[in-house]
Amino acid sequence: MAKNEVLSRITKRNPNQPEFIQSVEEVYDSVKPVLDKHSIYRDLKIFERMTEPERLISFRVNWVDDNNEIQVNRGYRVQMNSSLGPFKGGLRFHPSVNYSILKFLAFEQTFKNALTGMPLGSGKGGSDFNPKGKSKDEIMRFCQAFMNELFRHLGQFTDIPAGDIGVGGREIGYLFGQYKKLQNEFTGVITGKNVKWGGSWVRIEATGFGLIYFACNMLGEKNDSLKGKRCLVSGAGNVAQHAIEKIIEMGGTPVTASDSSGFIYDEEGIDEKKLKVIMDIKNKRRGRIKEYIDEFPNAEYHETSKNDDYNELWNIPADCAFPCATQNEINDKDVKNLIDNKIQLIAEGANMPVTSEGQELLRGSGVMYAPGKASNAGGVAVSSIEMTQNRMGESWTREKVNKQLMKIMNTIHKDCLEAAKEYNIKDSIYLDGANIAGFIRVGDAMVEQGIV
């Protein structure tokens, strides 16, 4: 079936959802050789069925702010695909949250979760609630109101959410506490919990650590390593912080961090001491990244300009780039700057941070490029490990979990290369390899389970 015919139907069925259509087109371009080779996927419309969520849930969230004013937000859960296991994916609290964002994230999650090799389906959820500027009590009341509706759709063998942008350890605690009160049971229905009460070691660090483990595998294919490499990192949240931590540990030199206001560039490099300052600013003070300059005045701060057609952060000469902020943060102009500055490797810590135009420029460029569904799968991998511990009533050591995380990231890397080799992929082997390997794993399960 012609590409334009398949995508035309999907686009028509999902109007005004640009992020979702972007993610669908990317995967289709990669898996087209699989569809051409195996007619059963075409005959059973496996790709089109993958793009349609099993269930879309939308609900009203009423809560009361500190001024005793009633506030109304929208809550969502996209239960995308349960062919490999219960729905699994994070919750995002951000004003930009809508169906397009959540469906793109849930679709990406389908392949990411499949690549881990764990028994995980895919989902995503959240709200247009903005935690920034809210008091601790306001956030607690919102989380409780949100869970008052969401709880009826969850279960340790049904749907197990986790955190995402705007949903950290504090929010997970409030959400889990309310779920426990409503259901009168202590089950592992949410991951990302504190290790003291049902959480797992390394869960907080998992996405950032896994990203760097994957990048080290990529460099290892070239008989190279991170040692001595200058690294650009965007974001200053959980993923970016622990990516920076692991880069330092591996002998690399991270030089940037950012938030929605701007970015810092520390030519001397961010070391362990400086990273602790970033963590204090973002995790405790909940401040802005520009406060870094107060502690280290030799560094530069660049404010984000909405008038620029590129991001200055990605025009800083470096060896490796790790976008860890948000979707579509690297456009074609940014990619051109990275290539012109002889970047060797780009590995995504965020979900779909490179635009479609940017990805096209990376094809055949010689730059090693890993999509988030492969390189940032460490978070969901350790979420699955947390689920296992909860079901078994066990608590694994930090060393055991970290060893398992490394093993999973190594396997994902190997599977991407093998899939690319099998389908004779020469350019963007990680992008196409990840999409193909994930598609086949989910697609085969859908074929075997029938038309349901």
Residue match in the stretch 215-223 (condition: of a type in the set (Lys, Arg), touching a residue at least 40 places away in the same chain (Cβ under 8 Å) and closer than 18 Å to VAL380 by Cβ): no
Here the residues within the stretch 396-428 that are more than 25 Å from the chain's Cα centre (by Cα), surrounded by 15 or more Cβ atoms within 10 Å (Cβ to Cβ) and assigned to a helix (DSSP H, G or I) are GLU422
Listed residues ARG9, ARG42; which is open to solvent by 10 Å² or more (accessible area, probe 1.4 Å), assigned to a helix (DSSP H, G or I), within 24 Å of GLU418 (Cβ to Cβ) and modelled with pLDDT of 95 or more? ARG42
Cβ pairs under 7 Å, 6+ apart or interchain, first in the stretch 263-286 and assigned by the TED database to the domain that holds PRO297 and more than 18 Å from ARG230 (Cα to Cα), second open to solvent by less than 10 Å² (accessible area, probe 1.4 Å) and in a helix (DSSP H, G or I), ordered by first then second residue, are VAL277/TYR292; ILE278/GLN241; ILE278/TYR292; MET279/GLN241; ILE281/ILE289; ILE281/TYR292
Test ALA236 against the stated conditions and say whether it is surrounded by 20 or more Cβ atoms within 10 Å (Cβ to Cβ), assigned by the TED database to the domain that holds GLY366 and part of a helix (DSSP H, G or I). no
For the stretch 426-446, give me the residue count where each residue is of a type in the set (Val, Ile, Thr) and free of Cβ contacts under 8 Å to residues at least 60 places away in the same chain. 1
Being among the acidic types (Asp, Glu) and under 25 Å from the mean Cα position of the chain (by Cα) is the filter; apply it to the stretch 272-302 and report the residue that is most open to solvent (accessible area, probe 1.4 Å). GLU272
Of all residues in the stretch 367-386, which are out of contact with any helix residue (DSSP H, G or I) (no Cβ under 6 Å at 6 or more places or on another chain) and either open to solvent by 10 Å² or more (accessible area, probe 1.4 Å) or among the polar types (S, T, N, Q) (or both)? VAL367, SER383, SER384
Residues satisfying the stated conditions in the stretch 241-262, i.e. out of contact with any helix residue (DSSP H, G or I) (no Cβ under 7 Å at 6 or more places or on another chain) and either crowded, with 20+ Cβ neighbours inside 10 Å or not assigned by the TED database to the domain that holds SER305 (or both): GLY252, THR253, VAL255
Being small (Gly, Ala, Ser), open to solvent by 20 Å² or more (accessible area, probe 1.4 Å), more than 17 Å from the chain's Cα centre (by Cα) and farther than 21 Å from ASP319 by Cβ is true for just one of GLY393, GLY364, GLY443, GLY433. Which residue is that? GLY393
Could you list, ordered by first residue, the pairs with Cβ atoms under 6 Å in which the first is in the stretch 94-114 and under 10 Å from TYR76 (Cβ atoms) and the second is assigned to a helix (DSSP H, G or I) and open to solvent by less than 10 Å² (accessible area, probe 1.4 Å), at least 6 apart or interchain? LYS103/PHE20
Quick one: how many residues across the stretch 134-185 are of a type in the set (Asp, Glu) and either under 27 Å from GLY349 (Cα atoms) or part of a loop (DSSP other than H, G, I, E, B) (or both)? 4
Kindly list, by first and then second residue, each pair from a residue in the stretch 224-235 that is under 12 Å from ILE248 (Cβ atoms) to a residue that is open to solvent by 60 Å² or more (accessible area, probe 1.4 Å) and among the polar types (S, T, N, Q), limited to pairs with Cβ atoms under 9 Å and residues at least 6 apart or on different chains. LYS229/GLN344
Residue among TYR310, TYR292 that alone is under 16 Å from VAL233 (Cβ atoms), touching a residue at least 12 places away in the same chain (Cβ under 8 Å) and touching a helix residue (DSSP H, G or I) at 6+ places or on another chain (Cβ under 9 Å): TYR292
Pairs under 7 Å by beta carbon, first residue open to solvent by 60 Å² or more (accessible area, probe 1.4 Å) in the stretch 134-154, partner not in a helix (DSSP H, G or I), six or more apart or different chains? ASP137/ASP66; ARG141/TRP63; ARG141/VAL64
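Table: residues versus (1) aliphatic (A, V, I, L, M); (2) over 20 Å from MET147 (Cα atoms); (3) touching a residue at least 40 places away in the same chain (Cβ under 8 Å).
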residue	(1), (2), (3)
LYS32	no, yes, no
THR51	no, yes, yes
ARG77	no, no, yes
MET80	yes, no, yes
LEU84	yes, yes, yes
PHE87	no, no, yes
For the condition modelled with pLDDT under 95, out of contact with any Pro (no Cβ under 7 Å at 6 or more places or on another chain) and acidic (Asp, Glu), what is the one hit in ASP271, ASP308? ASP308
Hey, could you check the stretch 46-99 for residues that are open to solvent by less than 50 Å² (accessible area, probe 1.4 Å) and among the polar types (S, T, N, Q) and say which is nearest to VAL27 (Cα to Cα)? THR51
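The values are calculated or read from the model by the stated rules, or taken from the named source; none is laboratory data. Computed from a prediction, not measured in an experiment: that's the story for all the values here. Every residue, glycine as well, gets a Cβ built from its backbone with ideal geometry; the counts of neighbours run over all protein chains shown. Accessible surface areas use protein heavy atoms only, side chains included; no ligands, DNA or RNA. Shrake-Rupley method; radii C 1.70, N 1.55, O 1.52, S 1.80 Å.
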